[in-house]
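S.K.: Structure incoming, see below.
The values are calculated or read from the model by the stated rules, or taken from the named source; none is laboratory data. Because the structure is predicted, anything quoted here is derived from the model rather than measured. Cβ placement follows ideal geometry from the backbone for every residue including glycine, while neighbour counts extend to all protein chains displayed.
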Amino acid sequence: MSRLVRMDRTGHTTLAEWTAADEPSVESAVTAFREELDRGSFAVVPRGEGRAEQVTELPVDADLVVMRRPIAGG
Amino acid sequence: MAQAASAPGVQQALPELASVYWRPRVDEDVLRRRGTLWTTVTVAHVVPFVAIAVLIVVLQPLAVAVSLIALAKAWLIPALYAQRGANVVRPKRRLDEEPERRALGLLGDLVGHEARELYAATGLVLERGALGVWLVGEAGAVLVRPGRRRVFCYCIRVPADELPSADRTSHLLLALREDEAGFATVANLAFSGARWRLRRRLDRRMRPALAAAARAASAR
């Protein structure tokens, strides 16, 4: 089961869960993904230790997709 | 412990770079130049005060108190710069226990066992990168350069105070993993100098993380 997660004030919220074979769950995950992008979040796929990839389309094969907010110099 | 790099074949730039388009992208040369500049500025602060201290004693030995004040300033100014560096990883206010626990769970999923233990003990995540070894906090990061003598302290944060501490760290960690050079470009440089200077100003709890980063940097 793949997960779309948003980091927020609760620690994190699972926005969607899907399996590649289950089309309705994928569609619902894609909708949630696009809504988060529209809110200005960035989507990151952790690719094992030390690696992460920013994506603009939901990678259906990913185990975990994390929505993060923009960062800035302090 | 982790290894920061982009996925093979993936060329990606941190989107936040657009907000600092005027800055040159950080690379080895940029870091070397900035390090040299910081050393030059430190020397330019220290040498005149030391020279004045010596001169005063030579000209008028009874004015030794004034000489000591000049020496104190020569010591204090670099120490204040190092304090500014240490402040980038100073812990912030904690939220309620439950959000912190959930955020810690996600951060734990992102890092290896060793890095998780170090984070629990020090509040910093150790991450190996191409530019050196990073210690990522919730509102900043320290880069220990290969050779482990020089550190760069960067102020960088997610502007959302309602986020739990571990989530703020996860934000920075993911951005660092996406694009290490972009991360260092977006961040504001607060201090660059000798590791021992930073160590003296760092919270005692965090010093083992700096030592671990130095060990990892020396192994490169």
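S.K.: Given (1) more than 11 Å from the chain's Cα centre (by Cα); (2) over 30 Å from B:Phe191 (Cβ atoms); (3) within 12 Å of another protein chain (Cβ to nearest Cβ), where does A:Pro70 come up short, assuming only one miss?
M.R.: All conditions are met except number (2).
S.K.: Mind checking which residues of the range B:101-129 are surrounded by 19 or more Cβ atoms within 10 Å (Cβ to Cβ), away from chain A (no Cβ under 11 Å) and part of a helix (DSSP H, G or I)?
M.R.: Across the range B:101-129, the qualifying residues are B:Leu118, B:Tyr119, B:Thr122.
S.K.: Still on this structure, please answer the following. From the list A:Val66, A:Val44, A:Val5, which one is of a type outside the set (D, E, K, R), touching a residue at least 12 places away in the same chain (Cβ under 8 Å) and more than 30 Å from B:Gly85 (Cβ to Cβ)?
M.R.: Being of a type outside the set (D, E, K, R), touching a residue at least 12 places away in the same chain (Cβ under 8 Å) and more than 30 Å from B:Gly85 (Cβ to Cβ) holds for just one of A:Val66, A:Val44, A:Val5, which is A:Val5.
S.K.: Do you know which residues across the range A:39-54 are surrounded by 16 or more Cβ atoms within 10 Å (Cβ to Cβ) and either assigned to a helix (DSSP H, G or I) or of a type outside the set (S, T, N, Q) (or both)?
M.R.: A:Phe42, A:Ala43, A:Val44, A:Val45, A:Pro46, A:Arg47, A:Glu49, A:Gly50, A:Arg51, A:Ala52, A:Glu53, listed by residue number.
S.K.: Does A:Ala52 satisfy being within 20 Å of B:Val111 (Cα to Cα), within 7 Å of another protein chain (Cβ to nearest Cβ) and small (Gly, Ala, Ser)?
M.R.: Spelling it out, A:Ala52 is indeed within 20 Å of B:Val111 (Cα to Cα), within 7 Å of another protein chain (Cβ to nearest Cβ) and small (Gly, Ala, Ser).
S.K.: For the range A:9-38, which residues satisfy the criterion of being assigned to a loop (DSSP other than H, G, I, E, B) and under 13 Å from the mean Cα position of the chain (by Cα)?
M.R.: A:His12, the sole residue that qualifies.
S.K.: Would you confirm whether any residue within the range B:17-28 is among the polar types (S, T, N, Q), within 14 Å of chain A (Cβ to nearest Cβ) and over 18 Å from the mean Cα position of the chain (by Cα)?
M.R.: There is at least one residue in the range B:17-28 that is among the polar types (S, T, N, Q), within 14 Å of chain A (Cβ to nearest Cβ) and over 18 Å from the mean Cα position of the chain (by Cα).
S.K.: Note down all Cβ pairs under 8 Å where the first residue falls in the range B:159-170 and is more than 7 Å from chain A (Cβ to nearest Cβ) and surrounded by 24 or more Cβ atoms within 10 Å (Cβ to Cβ), the second is part of a loop (DSSP other than H, G, I, E, B) and among the small types (Gly, Ala, Ser), and they're at least six residues apart or on different chains.
M.R.: B:Ala166/A:Gly11; B:Arg168/B:Ala139; B:Arg168/B:Ala160; B:Thr169/B:Gly137
S.K.: Look at the range B:133-149 and say how many of its residues are away from every other protein chain (no Cβ under 13 Å), surrounded by 24 or more Cβ atoms within 10 Å (Cβ to Cβ) and either part of a helix (DSSP H, G or I) or of a type outside the set (Val, Ile, Thr) (or both).
M.R.: Adding up the residues that qualify gives 2.
S.K.: Also, I was wondering about something else. List the number of the failed condition for A:Ala21; all other conditions in (1) within 23 Å of B:Glu178 (Cα to Cα); (2) at pLDDT below 95 hold.
M.R.: In the conditions (1) within 23 Å of B:Glu178 (Cα to Cα); (2) at pLDDT below 95, A:Ala21 misses (1) alone.
S.K.: Sticking with this structure for a sec: I'd like the full set of residues that are over 18 Å from B:Leu106 (Cβ atoms) and of a type in the set (A, V, I, L, M), limited to the range A:5-27.
M.R.: A:Ala20, A:Ala21, A:Val26
S.K.: With respect to the numbered conditions (1) among the small types (Gly, Ala, Ser); (2) modelled with pLDDT under 95; (3) in contact with a strand residue (DSSP E or B) (Cβ under 7 Å, 6 or more places away or on another chain), which one is the sole condition not fulfilled by B:Gly9?
M.R.: Evaluating B:Gly9 over (1) among the small types (Gly, Ala, Ser); (2) modelled with pLDDT under 95; (3) in contact with a strand residue (DSSP E or B) (Cβ under 7 Å, 6 or more places away or on another chain) leaves (3) as the failure.
S.K.: Right, next: In this structure, is B:Arg94 under 30 Å from B:Ile156 (Cβ atoms) and part of a loop (DSSP other than H, G, I, E, B)?
M.R.: yes
S.K.: Another one. If you check B:Leu80 against the conditions, is it more than 30 Å from B:Phe191 (Cα to Cα) and either surrounded by fewer than 17 Cβ atoms within 10 Å (Cβ to Cβ) or touching a His at 6+ places or on another chain (Cβ under 8 Å) (or both)?
M.R.: no
S.K.: Looking only at the range A:1-35, count every residue that is touching a strand residue (DSSP E or B) at 6+ places or on another chain (Cβ under 7 Å) and within 14 Å of chain B (Cβ to nearest Cβ) and tell me the total.
M.R.: Looking only at that region, the number is 10.
S.K.: Hey, any hits in the range B:86-100 for a residue that's buried (at least 18 other Cβ atoms within 10 Å of the Cβ) and within 29 Å of A:Thr56 (Cα to Cα)?
M.R.: yes
S.K.: Would you check if B:Ala184 is in contact with a Ser or Thr (Cβ under 6 Å, 6 or more places away or on another chain) and buried (at least 22 other Cβ atoms within 10 Å of the Cβ)?
M.R.: no
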